[in-house]
Amino acid sequence: MKKYISIIALLILPVFLFSQDKYISRNGSIRIYSQTAAETIDATNGQIASAIDGSKGTLAFDVIIKSFKFKKALMEEHFNENYMQSEKFPKSTFKGKFTDFDLKNFAKNGTYNVTVDGDLTIHGVTKKVTQKGTLEVKDGKVTAKSKFTVKVGDYGIEIPSVVKDKVASTIELQVNIPYDKK
Amino acid sequence: MKKSYKILMIIALLAVIGGAIGYYMYQKPVKNFADSKADYTLAASALFNEFSTNSEEAVKKYVTADKTVLVDGIISDTKKNDDGTITIFLKMQSDDDFVSCTLTLDASQKINLADYPKGKSVKIKGQCSGMQELIGKEVIMIRCGISA
């Protein structure tokens, strides 16, 4: 009998590990990318803070705009001063929930498709968004990945007509967050 | 005839110089913070306190102005990131708070992590990009180098 109890305990342990523990990351990365015939914009921010609360099925991000690293100084300056106004809006945030979150799904190693619903705030403008992504579970390590596009006009970011051929109206975001158990 | 030719030459010359300056400005790489002279030298905990008490002012002072900041502090943790860079977390009063300093790839490849154990004091120079408040509080330094 004792043996069975310990076997059952072992089987359900991973579920509880995920449900009770919070997963956090301070070194996630988001790459922004846009390409037009005249110009490629490519910058990476490797200092994304993110948290998953397993018991609530919630996901949150804190993105410091000034941490996006460009190669060209002028492009970085324009990104911060003209488009994102990073002094006024130093961060972008996301707060949401996994829509199809079932704890049992994440007990085993594997890559799982997930959908997240929530509020995305960029440039001081908050929009409801639904995004798809994956959660990779490997030996207790969790990595979230997603790739989606953002229409800059939706967030009150104006692209002057003189640079319309250089700056695309939609920007691709590549998200990659390795989590640690808290 | 000769005069207008001269003027034309001057205009052409100015255009070439202007174009060259424009091209140079356009191609100019981002400032090398790790190797610049420090604009501010202070304890990591002092920088943290400035952000903690008035982040708006601190953003204006350090972040928007692109100042080179040199901090000294005690290592609480180090981490190797997916892109090969190293982040050194400096200890604050609360265990949830940090000043994190991510080294340039170049600086990361130069150091041996074993030389940077917990508890060691270290001086790091780089660019301060702001503070996240999702997981504790973390003042973020990027493009850093170890400063002697």
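The values are calculated or read from the model by the stated rules, or taken from the named source; none is laboratory data. Everything numeric here is computed off the predicted structure, so don't read it as measured data. Cβ atoms come from the backbone with ideal geometry, glycine included; neighbour counts cover every protein chain shown. These accessible areas exclude ligands, DNA and RNA; they are computed on the full protein's heavy atoms, side chains included. Shrake-Rupley method; radii C 1.70, N 1.55, O 1.52, S 1.80 Å.
I'd like the interface area for chains A and B: accessible area of each alone minus the complex, both sides summed, 1.4 Å probe, protein heavy atoms only. What is it in Å² to the nearest 100?
Details: alone 11120 and 9700 Å², together 18250 Å².
Summing both chains' loss of accessible area gives about 2600 Å².
Work through the residues other than B:GLN127 whose Cβ is under 14 Å from its Cβ and net out their charges, Lys, Arg +1 and Asp, Glu -1. Can you show the working numbers first?
Numbers: positive: A:LYS66, A:LYS69, B:LYS31, B:LYS37, B:LYS61, B:LYS67, B:LYS125, B:ARG143; negative: A:GLU76, A:GLU77, B:ASP35, B:ASP39, B:ASP66.
Here the charged neighbours net out to +3.
For chain A, what is the mean residue ellipticity at 222 nm derived from helices alone (per DSSP H run of n ≥ 4: -39500 (n - 2.57); sum divided by total residues; nearest 500 deg cm²/dmol)?
On the way: 2 runs with 25 residues, N = 182.
Value at 222 nm, helices only: -4500 deg cm²/dmol.
Return one whole number: the accessible area per residue of chain A in Å², for a 1.4 Å probe.
On the way: 9820 Å² over 182 residues.
About 54 Å² of surface per residue is accessible.
If the elastic network links every pair of Cα atoms under 10 Å, which of B:ASP115, B:ASP72, B:ASP96 fluctuates the most in the Gaussian network model of chain B?
So, out of B:ASP115, B:ASP72, B:ASP96, the one fluctuating most is B:ASP115.
Within the stretch A:26-127, report the trypsin sites (Lys or Arg not before Pro) that DSSP leaves as loop and that have at most 15 other Cβ atoms within 10 Å.
On the way: sites: A:ARG26, A:ARG31, A:LYS56, A:LYS66, A:LYS69, A:LYS71, A:LYS72, A:LYS88, A:LYS91, A:LYS95, A:LYS97, A:LYS104, A:LYS108, A:LYS127; in loops: A:LYS56, A:LYS71, A:LYS88, A:LYS108.
Qualifying residues, ordered by number: A:LYS56, A:LYS71, A:LYS88, A:LYS108.
Determine the relative contact order of chain A: mean sequence separation of Cα pairs under 8 Å and six or more apart, normalised by residue count, in whole percent. Write down the numbers at each step before the final one.
Values: 392 pairs, mean separation 44.3, N = 182.
About 24 percent, as a whole number.
Could you give me the ³J(HN,Hα) list for the stretch A:156-167, computed from phi with Karplus coefficients 6.51, -1.76, 1.60 and θ = phi - 60°, whole Hz, x at Gly and Pro?
3J(HN,Hα) across the stretch A:156-167, in whole Hz: x, 9, 9, 9, x, 4, 5, 10, 3, 7, 9, 10.
Within chain B, which is the longest segment containing none of the trypsin sites (Lys or Arg not before Pro) that sit in a DSSP loop and have at most 12 other Cβ atoms within 10 Å?
Numbers: sites that count: B:LYS37, B:LYS118, B:LYS120.
Answer - B:38-117.
Specify the angular offset, from 0 to 90 degrees and rounded to the nearest 10, of the alpha carbon long axis of helix A:2-20 from the longest principal axis of the alpha carbons in chain A.
Value to nearest ten degrees: 20.
Within the set of other residues whose C-beta is less than 9 Å from the C-beta of A:LYS97, count the net charge using Lys and Arg as +1 and Asp and Glu as -1. Please report the intermediate quantities before stating the final value.
Values: positive: A:LYS56, A:LYS95; negative: A:ASP117.
Net charge around A:LYS97: +1.
Under the rule a/c < 1.5 gives rounded, and otherwise a/b versus b/c splits prolate from oblate, where does the stretch B:60-142 land using the Cα gyration tensor? Write out the running numbers ahead of the final one.
On the way: a/c = 1.58, a/b = 1.19, b/c = 1.33.
Oblate is the answer for the stretch B:60-142, as a/c is 1.5 or above yet b/c matches or exceeds a/b.
Assuming R0 = 22 Å, can you tell me the calculated FRET efficiency for the pair B:ALA15 and A:LEU74, based on Cβ-Cβ distance, to the nearest 0.05?
Numbers: r = 20 Å, r/R0 = 0.92.
It comes to 0.65.
Against the longest alpha carbon principal axis of chain B, how many degrees, from 0 to 90 and to the nearest 10, is the axis of helix B:2-27 turned?
10
Write down the percent of antiparallel bridges among all DSSP beta bridges whose residues are both part of the stretch B:33-146, to the nearest 5.
Working: 24 of 33 bridges.
Close to 75 percent.
Looking at the stretch B:52-69, which residues lose a minimum of 50 Å² of accessible area between their chain alone and all protein chains in place, measuring with a 1.4 Å probe and not counting ligands or nucleic acids?
Residues shielded by partner chains are B:THR64.
On the accessible surface of the stretch A:41-107, probed at 1.4 Å, how many percent belong to carbon and sulfur atoms?
On the way: 1530 of 2810 Å².
The value for the stretch A:41-107 is 54 percent carbon and sulfur by accessible area.
First compute the accessible area of the stretch B:55-124 with a 1.4 Å probe, then give the percent of it belonging to carbon and sulfur atoms. Write down the numbers at each step before the final one.
Numbers: 1580 of 3620 Å².
C and S atoms contribute 44 percent here.
Going by the alpha-carbon gyration tensor, a ≥ b ≥ c the square roots of its eigenvalues, is chain B rounded (a/c under 1.5) or, if a/c is not under 1.5, prolate (a/b greater than b/c) versus oblate?
Values: a/c = 3.62, a/b = 2.36, b/c = 1.54.
Prolate shape, in that a/c is at least 1.5 and a/b is the bigger ratio.
Students often get this wrong, so check it: of A:LYS22/B:LYS79; A:LYS88/A:LYS132; A:LYS95/B:LYS91; A:LYS182/B:LYS79; A:LYS108/B:LYS79, which have C-alpha atoms separated by over 23 Å?
Working: A:LYS22/B:LYS79 19 Å; A:LYS88/A:LYS132 30 Å; A:LYS95/B:LYS91 28 Å; A:LYS182/B:LYS79 15 Å; A:LYS108/B:LYS79 26 Å.
The answer is A:LYS88/A:LYS132; A:LYS95/B:LYS91; A:LYS108/B:LYS79.
Restrict the search to the stretch A:105-182; then list the GluC sites (Glu not before Pro) that DSSP places in a loop and that have at most 12 other Cβ atoms within 10 Å of their Cβ. Display every interim value, and only then the final one.
Numbers: sites: A:GLU136, A:GLU158, A:GLU172; in loops: A:GLU158.
Passing sites in the stretch A:105-182 are A:GLU158.
For the protein assembly as shown, give me the percentage of DSSP beta bridges that are antiparallel, rounded to the nearest 5 percent.
Numbers: 90 of 99 bridges.
Percent antiparallel among DSSP bridges in the protein assembly as shown is about 90.
Would you mind counting up the charge near B:THR41? Only other residues with Cβ under 12 Å from its Cβ, with Lys and Arg at +1 and Asp and Glu at -1.
Local charge sum for B:THR41: +2.
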